[in-house]
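The values are calculated or read from the model by the stated rules, or taken from the named source; none is laboratory data. Given the structure is predicted, the values throughout are model-derived calculations rather than measurements. Note that each Cβ is placed from the backbone with ideal geometry, even for glycine, and that neighbours are counted across all protein chains shown. Quick note on the areas: whole protein, heavy atoms, side chains included, nothing else; ligands and nucleic acids left out. Shrake-Rupley method; radii C 1.70, N 1.55, O 1.52, S 1.80 Å.
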Amino acid sequence: MKIDILTIFPKIFQGFFLESLIGKAVRKGVLEVRLTDIRSFSKDKHKKVDDKPFGGGVGMVLKPEPLYDAIKSVGVKKKNNLYKNFYAKPYVIYMSPQGKTLNNEIVKEFSKFKHLVFVCGHYEGIDERIIDYVDEEISIGDYVLTGGEVSTMVVVDSVARMLPGVIKEESSVKNDSFYNGFLDYPHYTRPAIFKGRKVPDVLLSGDHKKIDQWRKNESYERTKKRRPDLLKKLILENLNRSSKCHC
């Protein structure tokens, strides 16, 4: 997968793409990452990329010209029908508190693309006319950050985990919280007793069938206790599937 990130603060990402599993994925060639400084497309002698909003008000807005040129520089074309395969097109994501809230289904969908382009907003956001070149607006929650850089890291990290070759054991991803609609089961490691608390006996039994069933039960109970909304969603989805079955 190729990832382009358009930002006015490219140095923020330096450590992120060097460390941990993301850094390994970049070094292995599973991820190809390019950081584009939007300021490099400014025609202002001071490399200014923002201006006051029309109509007045506080804050500054990222100007359309440098953003447009930055988006075009990474291969984005206005007409999506130029691509026979939809997932081969550069998919432009604008990180915005007004966007659709990120969830695991969105992450899975993003992982199908060969090329993701992230636009990191700042200040009061970007000129609305640039939204014409955006495929989707994404938020990571109902709160506001100083810019789109941190939220972009969140999306890249969650999408990268879905790519073959990033996580060594594929089953690890499939057992994660949300992948199948449930929260993950509890995890334990050595020592077997810590501060008087003992690891559940079943995990020490060596009976993999019982361990698997214990984990499924714990996953269900944890979801029921902590996120009943997820269970409700699964029940509704199953009911909808059943109502559509004509067998």
Worksheet item: Is it true that some residue in segment 55-78 is crowded, with 17+ Cβ neighbours inside 10 Å and basic (Lys, Arg)?
Response: yes
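Does residue 13 meet the test of being aromatic (Phe, Trp, Tyr), farther than 24 Å from residue 75 by Cβ and either open to solvent by 80 Å² or more (accessible area, probe 1.4 Å) or at pLDDT 95 or above (or both)? Don't jump to the end; show me each part of the working.
On the way: aromatic (Phe, Trp, Tyr): yes; farther than 24 Å from residue 75 by Cβ: no; either open to solvent by 80 Å² or more (accessible area, probe 1.4 Å) or at pLDDT 95 or above (or both): yes.
No, not satisfied.
Identify, from the list 28, 48, 84, the residue that is in contact with a helix residue (DSSP H, G or I) (Cβ under 9 Å, 6 or more places away or on another chain) and open to solvent by 40 Å² or more (accessible area, probe 1.4 Å).
Of the residues listed, the single one that is in contact with a helix residue (DSSP H, G or I) (Cβ under 9 Å, 6 or more places away or on another chain) and open to solvent by 40 Å² or more (accessible area, probe 1.4 Å) is 48.
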Item to complete: Could you list all residues from segment 103-155 that are open to solvent by less than 10 Å² (accessible area, probe 1.4 Å), modelled with pLDDT of 95 or more and over 25 Å from residue 229 (Cβ atoms)?
Response: 113, 116, 117, 118, 119, 120, 130, 148, 149, 152
Discussion item. Between a residue in segment 218-238 that is in a helix (DSSP H, G or I) and any residue that is charged (D, E, K, R), which pairs come within a Cβ distance under 7 Å, given they are 6 or more apart or on different chains?
Written reply: 219/184; 231/224
Worksheet item: Among (1) farther than 30 Å from residue 3 by Cβ; (2) at pLDDT 95 or above; (3) out of contact with any strand residue (DSSP E or B) (no Cβ under 8 Å at 6 or more places or on another chain), where does residue 192 come up short?
Response: (3)
Discussion item. Could you check segment 95-123 and list, in sequence order, the residues that are closer than 30 Å to residue 234 by Cβ and of a type in the set (A, V, I, L, M, F, W, C)?
Written reply: 95, 102, 106, 107, 110, 113, 116
Worksheet entry | Selection from segment 182-212 of residues that are surrounded by 12 or more Cβ atoms within 10 Å (Cβ to Cβ) and among the aromatic types (Phe, Trp, Tyr) | 182, 185, 188
Practice prompt. Check whether at least one residue in segment 65-76 is farther than 20 Å from residue 95 by Cβ, free of Cβ contacts under 8 Å to residues at least 60 places away in the same chain and not basic (Lys, Arg), and report yes or no.
Written response: yes
